[in-house]
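Below: one structure, written as structure tokens.
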Amino acid sequence: MTESFLLAGLLNVFDPANLLAIVAGTLIGIVVGSMPGLSATMAIALLLPLTFAMPPETGISMLAALYLSAMYGGSIAAILLRTPGTPAAAATVMDGYPMAMKGKAGQALGISLTASLIGGVISSIVLLTFAPLLGSLALHFGPVELFAVAVLGITIVGSLSSGAMIAGLFSGVLGLLIATIGMDPTTGTPRFTFGELNLFSGVPFTVALIGLFSIPQAIRLILQGDANKDAAVSSIADRMLPRFKEFRALLPNIVRSGGIGVMTGLIPGTGGDTACWFAYNEAKRFARNKHEFGTGCPAGIAAPEAANNAVVGGALVPTIALGIPGSSSTAVLLGAFMVHGILPGPTLMTDHAEITYTLLWAVLFANIALFIVGLLFTRLCVSVTKVPNRVVAPIIVVLAVVGSFALNNSYFDIMLMLVFGMIGFAFDEFKIPTAPLVIGLILGPILDASLQQSMLIGQGSWMIFLENPISAVLLAIALFSILQATPIFGLAKKLRYRSSGPRNL
């Protein structure tokens, strides 16, 4: 059965419309990633309304290609401007910009592009191998297990929110509460609508995403100004692709960094911004000439770029197989399924197998498209990095308004989008992570429906979740993830270590 779905997904990718969508998504991702301050998450959120008129496999393939290529696009600004276009390109600045200052901007971008290709291919192979294996477990998932998966998704992302566990859980719970707005799926009674007819169908997921990620970005660009544009490298005069001898020397580092990226992506709550520093540190640790790092070392560019592209495939494994988004970008990508009426969760690999396997193959082909499009258009993207922030910001706002209105031709959706934009900006100001809120919006409907169904199965007894072995294990992992990140738990470990220290000495 799996083999037939794999073949069907491969044939879908070879459809001319899907191939064109992958190329278009790749080009858009490179352009967006090369603009400092913009992100793949914001671009996916803005383009979601455009995919509504497309077949599901076409729209999702385009967004997956955009997500992957924006990772490489972030290195363009990092190398030319000393400003990472995306958070995942932060470590690339360390050696990318010094190499560009030596007149080797093309070589630096070529190393980044080559490493991105290999890291992405490694993650695609892992995705095609492990996602179907995990997806086969979905056959054993009923309402009880789905409830445990939803709880696990909320707790893991909340506990891994950059050390701010309380803020992360608050964000996730707020997302869950917002997800309950609308008609109760069991009783059909309105909840938290306050008499507003536009809320009877719930909060439109895409409208919330556009507001959360687009408006705060526009505000930040206006506040930043154009100070960083002065450091831009004006042109690329040297060759891009590394010579075979240089490539062979970098290959072990690229493969190792690709593995680090995949493993980091498999952990929900982490992302390319974490993986790039892991890979950079490991590359420096294994290097013979550690003193060269920070001065324009090729290995210092190859390592983070291979890792942040490898994160994409790794993060998609739990996203597709279990319905647990690994990051805000994969959460928004799951939103593409919701736009097309497909409820995310472990049943993606079974109930909507053909579309899901098309996505798996699209990620692999997007890496190839990234390499080709990158070679053709990277030099042109130098001019993109020079676009003033005061021009980019209004364009983002206009696209956000148009995208929100186009979904339901509703002015109410525009106002709702602006409200979520203010929430997103407030979250940024108070250092509250946005990703758990998005994941709460996704997992909320699953949590709501599966809880009510489970209670009916268990005849009102909460023991149904502990009597089921799969849900009991998942809930135990969720509890452990909360305890491990709790400050009291960490303080207890420190006190225990200090009290036993003198005796050990």
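Descriptive notes on the structure:
- Using every pair of separate Cα atoms, the Kirkwood estimate puts the hydrodynamic radius of region 2-488 at 22.6 angstrom.
- Length available on full extension from Lys431 to Met183: 0.36 nm per residue minus the Cα-Cα distance, which gives 86.0 nm.
- Label-to-label distance, Lys245 versus Val173, with points set 7 angstrom from Cα along the beta-carbon direction: 6.2 nm.
- Which of Thr378, Thr186 is most accessible, then next, and so on - probe 1.4 Å: Thr186, Thr378
- Extension gain (nm, one decimal) between Ala8 and Phe194, 0.36 nm per residue minus Cα-Cα: 62.3 nm
- Val391/Ile166 FRET efficiency (R0 30 Å; Cβ-Cβ; nearest 0.05): 0.20
- Between Thr350 and Leu456, the contour length at 0.36 nm per residue exceeds the Cα-Cα span by 35.7 nm.
- Simple spin-label estimate for Val473 and Val419 in nanometres, 7 Å along Cα-Cβ: 4.2 nm
- Peptide ranges 195-202, 96-103, 357-364 listed from the most packed, as the mean C-beta count within 10 angstrom indicates: 357-364, 96-103, 195-202
The values are calculated or read from the model by the stated rules, or taken from the named source; none is laboratory data. As the structure is a prediction and not an experimental result, all values here were calculated from the model. Glycine gets a Cβ as well: all are built from the backbone with ideal geometry, and neighbour counts include every protein chain shown. Side chains included, ligands, DNA and RNA excluded: accessible areas come from the protein's heavy atoms. Shrake-Rupley method; radii C 1.70, N 1.55, O 1.52, S 1.80 Å.
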